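Comments concern the structure below.
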Amino acid sequence: MTLHYDLHSHSTASDGTLTPSELVAHAVKSGVNVLALTDHDTTKGIEEASLAASQTMLTLISGVEISVTWNNRTLHIVGLNMDINSPELQAGLATVLEFRNWRAHEISRRLAKRGINDAYEGALKYTNGDVISRTHYARFLVEQGYCKDVREVFKKYLVTGKPGHVAGEWATLENAVGWIIRAGGQAVIAHPARYKLTATKMRKLLGEFIECGGVGIEVISGSHSRDEYYTMANFARLHELYASAGSDYHGPINPWIELGRIPALPDGCKPIWELWDENQETQNISQVLE
Ligand code: AMP
Ligand code: MN
Ligand code: MN
Ligand code: MN
């Protein structure tokens, strides 16, 4: 049987709009067999999602999407299949969340200078209290009538050069990858085509990522075009990286992305889940031998 994988998704534990249980139910309905919940800088939703998944046939992979600053840019590193009880991983994520919270107040101070008051409180209403992201600011500004939709808020207020933009001081690449691999997981570069790197910069990133212990890149992503699947598949082959696939689903609020709508990996890609299948087989064999 061919399994359907979706290895990048968000819940209300970060900036998604479905609770972890609702996300699992939606994944089952959408025909996903293996789902990774990869909230921004937190694993808080995993427990609820695992519990919900245990009542179904769905396999839940514990995941996270860590914000990283690399060469003055923000990158996202997805961690898959980690032990979420790793103290080092949790301590690392706590430092990232500390910056995230400071940044949220700073965004608010900057928006206030433009006459937009109490944005922190306004954005906070859209969170469950743990992770506050630019998406929550965007939802609040739409609610207040400053823009017609979330995309417009990003364009007018929240990206580089705009009034509410605050430069990142997220995790280093080395730390983010280290926390993931020392928690027993695999580190994957999220939506690599989104960074618009030149081929030279991309090679530099992949070289450093591999040196840190990273093993995969997202070839299929909800934010990649068809052409980009092939470009990224080539990078994966060239650097002998595993290929991952995820929709980056945030809930029905972004109707252009559907959970589990994942085309097949281009020929020649090594799927990252082969690593788990092998482990699974070894585990099963040792159980049989016991
Ligand atoms: P943050 O990590 O708080 O800086 O927020 C990043 C999140 O904002 C991403 O994961 C997306 O969910 C969302 N996002 C980023 N850029 C855009 C955009 N141009 N339009 C809509 N959402 C965006
Ligand atoms: Mn997001
Ligand atoms: Mn991302
Ligand atoms: Mn994401």
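Observations on the model:
- Long-range Cα-Cα pairs in the range 82-176 (distance over 24 Å), rounded percent: 26 percent
- Pairs from LYS155/LYS204; LYS156/LYS204; LYS162/LYS196; LYS155/LYS201; LYS113/LYS162; LYS125/LYS162 whose Cα-Cα separation, in the structure shown, is over 21 Å: LYS155/LYS204; LYS156/LYS204; LYS155/LYS201; LYS125/LYS162
- Fully extending the segment from GLU174 to LYS204, taken as 0.36 nm per residue of separation minus the present Cα-Cα distance, adds 9.4 nm.
- Stretched out straight at 0.36 nm per residue, the stretch from ASP83 to ASP227 would grow longer than its current Cα-Cα span by 48.4 nm.
- The range 91-178 - percent of accessible surface contributed by carbon and sulfur, probe 1.4 Å: 48 percent
- Scaling against 2.2 N^0.38 Å puts the C-alpha radius of gyration of the chain at 0.99.
- Relative contact order [Cα under 8 Å, 6+ residues apart], the range 138-281, whole percent: 16 percent
- One equal scatterer on each Cα of the range 147-290, no solvent, Debye formula: the resulting log10 I(q)/I(0) at q = 0.21, 0.22 Å⁻¹ is -1.36, -1.38.
- Per-residue ellipticity at 222 nm, computed for the chain from helices alone with -39500 (n - 2.57) per DSSP H run of at least four residues, works out to -12500 deg cm²/dmol.
- FRET E, pair ASP130, GLU240, Förster distance 30 Å, beta-carbon r, rounded to 0.05: 0.25
- Relative contact order of the range 1-134, defined on C-alpha pairs under 8 angstrom at six or more residues apart (%): 23 percent
- DSSP beta bridges in the range 134-290 [antiparallel fraction, %, rounded to 5]: 0 percent
- Given charges at Cβ of Lys, Arg, Asp, Glu: the chain dipole, positive-most of ILE180, TYR157, HIS191: TYR157
- Among LEU51, ILE107, SER30 the positive-end extreme of the charge dipole of the chain (Cβ point charges): ILE107
- Area accessible to solvent at ILE253, 1.4 Å probe radius, in Å²: 80 Å²
- Largest-first principal axis extents, alpha carbons of the range 1-80, Å: 42, 26, 17
- With DNA, RNA and ligands ignored, accessible area of GLU174 (1.4 Å probe; Å², nearest 10): 130 Å²
- The range 172-234: Cα Rg divided by the 2.2 N^0.38 Å rule of thumb: 1.12
- Normalised by the number of residues in the chain, the average gap of Cα pairs under 8 Å and 6 or more apart makes the relative contact order 20 percent.
- Here the range 1-142 is treated as an ellipsoid with the same Cα gyration tensor; its semi-axes, largest first and in whole Å, are 30, 17, 13.
- Cα-Cα separations in the range 68-122 greater than 19 Å, expressed as whole percent: 49 percent
- For the range 149-262, a crude dipole built from +1 on the beta carbon of Lys and Arg and -1 on the beta carbon of Asp and Glu, taken about the Cα centre, is about 300 debye to the nearest 20.
The values are calculated or read from the model by the stated rules, or taken from the named source; none is laboratory data. These figures come from a predicted structure and were not determined experimentally. As a convention, Cβ positions derive from the backbone with ideal geometry for all residues, glycine included, and neighbour counts pool all protein chains shown. Note: areas computed on protein heavy atoms with side chains; ligands, DNA, RNA excluded. Shrake-Rupley method; radii C 1.70, N 1.55, O 1.52, S 1.80 Å.
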